[in-house]
Amino acid sequence: MSWSIKEQVPSFAVPNLELAIEFYSRLGFKVEWQWPKSETTHVGLRHGPCALMLTLNEPTGRGDIYYVVDDIQGCYTAIIEARPWEVAETSRFSSDREDCPPKRALLPPDAPTVKPHGHEDFNLLDPWGHQLTFGREEVV
């Protein structure tokens, strides 16, 4: 048997695709595809080599993705300037969950810090509680 995995595409459930697209666009993601064309329920996003699928559904839990970046300070500065947490305020009425958005999603991320395991990173919550961590490996 010979086969290989060509790509990994994580998926997050979101109750509002328009707001999710706005949030992730502020992080530099571009819409690659939508399905179906009418009454879209799935959206494919891409940021360089990284893909992400959003599905129209009420989240039942929190997802996590760790993105390894080449310039942690540049990434942090770009995210601060793009202000994606402002989308979380708009999302208050896009979910039936009482904790949506989580309070931390309404705030800018803390500056990157070096963790005990040697990675320098910072966390950002999307409006539905999915955690995005941006980091670089092995600080020297």
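Scan the range 110-120 residue by residue and report those that are of a type outside the set (Gly, Ala, Ser) and either surrounded by fewer than 16 Cβ atoms within 10 Å (Cβ to Cβ) or closer than 30 Å to Asn57 by Cα (or both).
Taking the range 110-120 as the starting set, the residues that turn out to be of a type outside the set (Gly, Ala, Ser) are 110, 112-117, 119-120.
Asp110, Thr113, Val114, Lys115, Pro116, His117, listed by residue number.
Pick from Tyr24, Tyr66: which is closer than 21 Å to Arg136 by Cα, open to solvent by 40 Å² or more (accessible area, probe 1.4 Å) and touching a strand residue (DSSP E or B) at 6+ places or on another chain (Cβ under 7 Å)? Spell out how you get there, then give the answer.
On the way: Tyr24 fails: open to solvent by 40 Å² or more (accessible area, probe 1.4 Å).
Among Tyr24, Tyr66, only Tyr66 is closer than 21 Å to Arg136 by Cα, open to solvent by 40 Å² or more (accessible area, probe 1.4 Å) and touching a strand residue (DSSP E or B) at 6+ places or on another chain (Cβ under 7 Å).
Out of the residues in the range 88-109 that are assigned to a loop (DSSP other than H, G, I, E, B) and open to solvent by 90 Å² or more (accessible area, probe 1.4 Å), which is modelled with the lowest pLDDT? Full working, then the answer.
Within the range 88-109, the subset assigned to a loop (DSSP other than H, G, I, E, B) is 94-102, 107-109.
Next, from what is left, pick out any that are open to solvent by 90 Å² or more (accessible area, probe 1.4 Å): 96, 98, 107.
Details: Asp96: 58, Glu98: 64, Leu107: 88.
Per the criteria, the residue is Asp96.
Consider only pairs whose beta carbons are under 6 Å apart and that are at least six residues apart or on different chains; among these, list those whose first residue lies in the range 102-123 and is closer than 13 Å to Val68 by Cα and charged (D, E, K, R) and whose second residue is part of a loop (DSSP other than H, G, I, E, B) and open to solvent by 40 Å² or more (accessible area, probe 1.4 Å).
Final answer for the pair search is Glu120/Val139.
Among the numbered criteria (1) under 21 Å from Trp128 (Cβ atoms); (2) acidic (Asp, Glu); (3) in a loop (DSSP other than H, G, I, E, B), which single criterion is violated by Glu7?
So the condition that Glu7 fails would be (1).
List the pairs whose first member sits in the range 12-33 and is free of Cβ contacts under 8 Å to residues at least 40 places away in the same chain, whose second member is open to solvent by 70 Å² or more (accessible area, probe 1.4 Å) and not β-branched (Val, Ile, Thr), and whose Cβ atoms are under 9 Å apart, counting only residues at least 6 apart or on separate chains?
Between residues of the range 12-33 that are free of Cβ contacts under 8 Å to residues at least 40 places away in the same chain and residues that are open to solvent by 70 Å² or more (accessible area, probe 1.4 Å) and not β-branched (Val, Ile, Thr), the close pairs are Leu17/Gln34; Leu17/Leu56; Phe29/His47; Lys30/His47.
Can you tell me how many residues in the range 121-137 are open to solvent by 20 Å² or more (accessible area, probe 1.4 Å) and not in a loop (DSSP other than H, G, I, E, B)? If you could, list the steps in order and put the result at the bottom.
Taking the range 121-137 and keeping what is open to solvent by 20 Å² or more (accessible area, probe 1.4 Å), we get 123, 131, 136-137.
Now narrow it down to the ones that are not in a loop (DSSP other than H, G, I, E, B): 123, 131, 136.
Of the residues in the range 121-137, 3 are open to solvent by 20 Å² or more (accessible area, probe 1.4 Å) and not in a loop (DSSP other than H, G, I, E, B).
The values are calculated or read from the model by the stated rules, or taken from the named source; none is laboratory data. Quantities reported herein were computed from a predicted structural model and do not represent experimental measurements. Neighbour counts are summed over all protein chains in view; Cβ atoms, including those assigned to glycine, are modelled from backbone coordinates with ideal geometry. Just so you know, the surface numbers come from the protein's heavy atoms only, side chains and all, with ligands and any DNA or RNA stripped out. Shrake-Rupley method; radii C 1.70, N 1.55, O 1.52, S 1.80 Å.
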